[in-house]
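Note sheet for the following structure.
The values are calculated or read from the model by the stated rules, or taken from the named source; none is laboratory data. No experiment lies behind these values; they were computed from the predicted model shown. Positions of Cβ are generated from backbone atoms using ideal geometry, with glycine treated the same way; all protein chains shown enter the neighbour counts.
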Amino acid sequence: MNKPLVNRFWSRRAQADGGRAVVVVLHDLGLAAAHADRIAVLADGRIAADGAPADVLSEELLSTVYRHPVEVFAHPRTGEPLVLPRR
């Protein structure tokens with residue numbers, strides 16, 4: 001992420017904490033999982049899954065969406081999902 005994007009993201013997060021809805025498009029699923037209450041995963045322009053990060057970010061779903069095997073791990077300190085390509 002470039003610095004202006006990071007600043008906008010945190011600014012929007014502060015607005016969300018004030019009771020407003022915020023939509024942020026991210027490709028970094030770890031960042032999304034760490035800060036979002038709800039995630040939607042898109043596949044071919046349609047919503048493939050929508051819900052809490054721990055419920056949505058599954059190996060099966062993401063491997064299908066990305067058409068490449070991925071692994072999902074719990075972050076060692078926070079427990080939030082981390083997504084890595086399987087090698």
### Query
What pairs come up if the first residue lies in the range 76-87 and is among the hydrophobic types (A, V, I, L, M, F, W, C), the second is in a loop (DSSP other than H, G, I, E, B), and their beta carbons are under 8 Å apart, counting only those six or more places apart or on different chains?
LEU82/HIS75; VAL83/LEU57
### Query
Does any residue of the range 7-27 turn out to be modelled with pLDDT of 85 or more and within 14 Å of the chain's Cα centre (by Cα)?
yes
### Every pair of residues 6+ apart whose Cβ atoms lie under 9 Å, when the first sits in the range 56-70 and is free of Cβ contacts under 8 Å to residues at least 12 places away in the same chain while the second is of a type in the set (Val, Ile, Thr) and assigned to a helix (DSSP H, G or I)
none
